[in-house]
Amino acid sequence: MKKTKLLKGKEGLGLLVGIIVLFIFMSIFADNFLSLYNMHNLLKDTSILLIVAVGMTLVILVARIDMSVGSTMSLTAIVTTILLRDGTHIVPAIIAGILCGVLIGLLNGYLVGVQKLNHWVTTFATLSLGKGLALVICDGQIINANSDHLKAIGHNSSVFLGLHVFIWIAAAIFVFMLYVLNKTKFGYKLYSVGGSEQTATLAGMKTSTSYISVYIISGVLASIAGILLASKANNGNATIGDGYEFNAIATVLIGGTPFAGGRGGLTGTLLGAVLISTLKNGLRFIGITPSLQFVIIGVVILIVIIVDVVFNERRKLEEIRRVEQ
Amino acid sequence: MQEKDYILEVKNICKSFYGVEVLHNVDLGIRPGEVHALVGENGAGKSTLMKIISGVLDKDKGEILFEGKPVERMDVNRAQDLGISIIHQEFNLLPYRTIAQNIFLGREPVKNKILRTIDDDEMNRRSKELLGFLGMEIDPRTRVGNLGIAQQQMVEVTKAIAVDSKVMIMDEPTATLTKKEIDMLFETIRKLKSQGVSIIYISHRLEEIKEIADRVSVLRDGYLIETLNIEDAPQDLIIKLMVGREITNQYNREYFTPGEEILRVENLSSYRFNNINLSVRRNEIVGISGLVGAGRTEVVKSIFGYDKFEKGSVYLFGKKYNRLNTRLTTGLGVGLIPEDRKTEGVIVTKPIRENIVHASLRKLFKRGLLDKEVETRVAEEYREKLNIVTNSINKLVQFLSGGNQQKVVVGKWLCAECDLLLFDEPTRGIDVGAREEIYEIMNELAKEGKAILMISSDMPELLGLCDRIYVMKDGKITAEFQKEEATQEKILAHSI
């Protein structure tokens, strides 16, 4: 019993050690990596990824997946920037953008949670749907929002108490969801449904509502991330969120929430997001091309997953041995 | 005893699955504070009855009364509200959550009504209390996955106590426990009894029943045969009540002089079975009897090379092997007709023709290219030989009846020229008419000189078909009978 506990501790620790090693490595090989300016940049880069990954964590926690977040980001960015360009006030424009996330999430949740369609296929379809809609609406053009309000969110000088607004937003979302997941009935239910749908059902829970809510949350968070992304350049285009679904999934997996669901959580996702951002940021500093960055990040994900499998195998073997005795 | 004295009573319960009635007018009454044992062979209907009582399954006919009042619609939530809980053989626990979180699963105490935040302290405190009542000194914040099996079971019991259960159903609670842990469980059961909790105790272990139960009910083929006070129910009487199905003459087995030995197993051991010795010869049908969980399937799957064994050896066609894999065994001419037909026997999304040639691709298509003509010829051959009822060999296997699916599996192995066929529950889920056809096929195969090793929970089937029968219990072979000496009573006595 003690042994497994130690192992468990090591797992989270491994990620932290990884980040520290990476930091030391980068600060030796890349001048200015540890500068205040770059650290702030790094946190800012982490923010958007973290927001999407928080939503993805909830979905993966119930043993599902959401491939549609990237295109939700794009669609939201397009809808919001078009409305702003046409003179809509910032508040309804943002609400309309977030509504995109709600609707896509609702559709995902209904199809997966109520109709019991396969979650991969369903969210792949909504990925295409969202991206297609975004392309149709903007006609393939970059939409210039021309909005001072939107610009005010994303501009480099939008700093509050020394930290960029993005960081504050990400932190607020993270802390709130951490609280919801660990302290509320809703969060408990997600762990139960992900741990064993059957057990949860036998305990009298309605599982479909869990699926619907995680997809809506994931959609809304993707929308928020999409708006932030658009505010950075004060414009939107239909490919702005491309690839974010994979980065988010990688973040969650690295953070120790497995596809099987039922365990893991947001703390790991935070560490995962920091690790990925640090890698990207640092590799750029050292002068490694974006193409090679992909390769390196792929290798890191593989290592983390292999380590996880090895640990799980060992746990299973211990289980069997226990039955034998 | 008056009806109103029962805390839980079922009357005239009937239940059918796919037109086969598995419970016939079952009456059962449970008194407050009694331990009521429920016994019966595999498939006697115990689990189905318990699932109906606990609201997992709906009854077709009959009545459920709780504390004398009829319960209109029984479902999982209703049963919980009434105080009926079930502790399944497979635990329903979440391994990555703590003991307290499991105990209060779905009913977590709430601190803040609006945000619905969980009161962890309250939950842990109350869990500690409940665990203390059962004499368990353990931190309720421990993860369930880190507990031993017996402790996990105690968590299940605690879960049931936490909802103020008045009737607790325990399905084979001692199956995976050691002697010491069983004593601990019995201690708990006695404590629950003294609190007025009734327990329905399902078990195959008659010695245990003697020790813990007040009354015992025997189910057989979906009929409740009798309910007896434990003093009036010696072990041999219970066994006599459990068996006694008619052996009809639907088998038409012809017996032949056995030929050469094709399979011999020597001292085979793994973590699921121990020191297994058996042999099968040509023209022979050899049976393995025993209860579910005795390790029968594991032995057969090890012989097939599907599961690993740790010690011992398997002789196939006279050659000794200390390690097997399915590529090797199928190449030698061994075929497995598995119990879980739909996932292990056939590929349901493929047509009959492709399923038939599935194990013989190398033999039929030497150049590695598929040949539709050969495939058609072979598939038609076995369709005729085994009388697979279908309008076309292009029909997907998922649209066939269970019996015809089983024939496809047999056809697959015959096509691969198998001489040793391992049948795991050959007629499970197959209707009566098709059963006879399967028996006929097996008889025919024995006549042709094939060797058959079959597992069955259907005792008349074993007695009607087999030359010899091995009996397994707890991973060991406890007896071997020739067809002349085998009786249902003898076999059952060695299985439990």
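Annotations for the structure displayed:
- Number of Lys-Lys pairs in the stretch B:62-220 with C-alpha atoms under 23 Å apart and a separation of 8 or more places or on different chains: 23.
- Per-residue ellipticity at 222 nm from helix content only, as computed over chain A with -39500 (n - 2.57) for each DSSP H run of at least four residues, stands at -26000 deg cm²/dmol.
- Per-residue mean of foreign Cβ neighbours for A:192-204 is 6 (Cβ atoms of other chains, 10 Å radius).
- Span from the the stretch B:18-53 Cα centroid across to the the stretch B:260-284 one, whole angstrom: 36
- Average Cα contact separation per residue, chain B, under 8 Å, 6 or more apart, as relative contact order %: 15
- Reference-scaled alpha-carbon Rg (2.2 N^0.38 Å with N residues) for chain B: 1.10
- The Cβ shell under 12 Å around A:THR57 holds other residues with a net charge of +1, Lys and Arg each +1, Asp and Glu each -1.
- Trypsin sites (Lys or Arg not before Pro) within the stretch B:6-107: DSSP coil, no more than 13 neighbouring Cβ in 10 Å: B:ARG73
- Among the trypsin sites (Lys or Arg not before Pro) in the stretch B:311-349, those placed in a DSSP loop whose Cβ has at most 10 other Cβ atoms within 10 Å are B:ARG323.
- Helical segments meeting 30 Å axial Cα length and Kyte-Doolittle 0.0 threshold in chain A (DSSP H): A:2-29, A:36-61, A:207-233, A:290-324
- Against chain B, whose longest principal axis comes from its Cα atoms, helix B:432-447 is set at around 50 degrees.
- Distance between the C-alpha centres of the stretch B:221-239 and the stretch A:198-274: 57 Å, rounded to the whole angstrom.
- Exposed loop sites here are GluC sites (Glu not before Pro) assigned a DSSP state other than H, G, I, E or B and surrounded by at most 14 other beta carbons within 10 Å; excluding them, the longest clear run of chain B is B:138-245.
- Cα-only radius of gyration and Dmax that characterise chain A, units Å: 20.3, 73
- Taking A:ILE276, A:ILE51 and counting other C-beta atoms within 10 Å, the order from fewest to most: A:ILE276, A:ILE51
- If the convex hull is drawn through the Cα atoms of the protein assembly as shown, its volume per residue in Å³: 208
- Once both labels are positioned 7 Å from their Cα atoms along Cα-to-Cβ, the gap between B:LEU237 and B:SER16 label points is 3.6 nm.
- If R0 is taken as 41 Å, the Cβ-Cβ distance between A:SER208 and B:ILE114 corresponds to a FRET efficiency of 0.95.
- For the stretch B:288-304 and the stretch A:58-135, distance of Cα centres in Å: 51
- Partner lysines for B:LYS320 [C-alpha distance under 29 Å; skip if fewer than 8 residues away on the same chain]: B:LYS301, B:LYS308, B:LYS311, B:LYS363, B:LYS366, B:LYS412, B:LYS447, B:LYS450, B:LYS473, B:LYS476, B:LYS483
- Amide N proximity, the stretch B:187-216 versus B:LYS180 label position 7 Å along Cα-to-Cβ, cut-off under 20 Å: B:187-189
- Pairs of Cα atoms nearer than 8 Å and 6+ residues apart set the relative contact order; for the stretch A:168-325 it is 17 percent.
- DSSP beta bridge pairing in chain B, given as percent antiparallel to the nearest 5: 55
- Put a plus charge on the Cβ of each Lys and Arg, a minus charge on the Cβ of each Asp and Glu, and nothing anywhere else: the dipole of the stretch B:60-153 about its Cα centre is then about 280 debye.
- Helix B:120-133 vs. chain B, principal-axis angle (Cα, 0 to 90°, nearest 10): 80
- Ranked for footprinting exposure by Cβ neighbours inside 10 Å, fewest first, B:MET123, A:MET73 give B:MET123, A:MET73.
- Against the main long axis of the alpha-carbon atoms of chain B, helix B:149-162 sits at an angle near 50°.
- Per residue, chain B reaches -9500 deg cm²/dmol at 222 nm when only DSSP H runs of four or more residues are counted, each adding -39500 (n - 2.57).
- Computed on the stretch B:261-495, with alpha-carbon pairs under 8 angstrom and 6+ residues apart, the relative contact order is 29 percent.
Laboratory data are not the source of any read-out in this text; all were calculated from the coordinates shown. All values derive from a computational prediction rather than experimental measurement. All Cβ positions, even for glycine, are placed from backbone atoms using ideal geometry, and neighbour counts span all protein chains on display.
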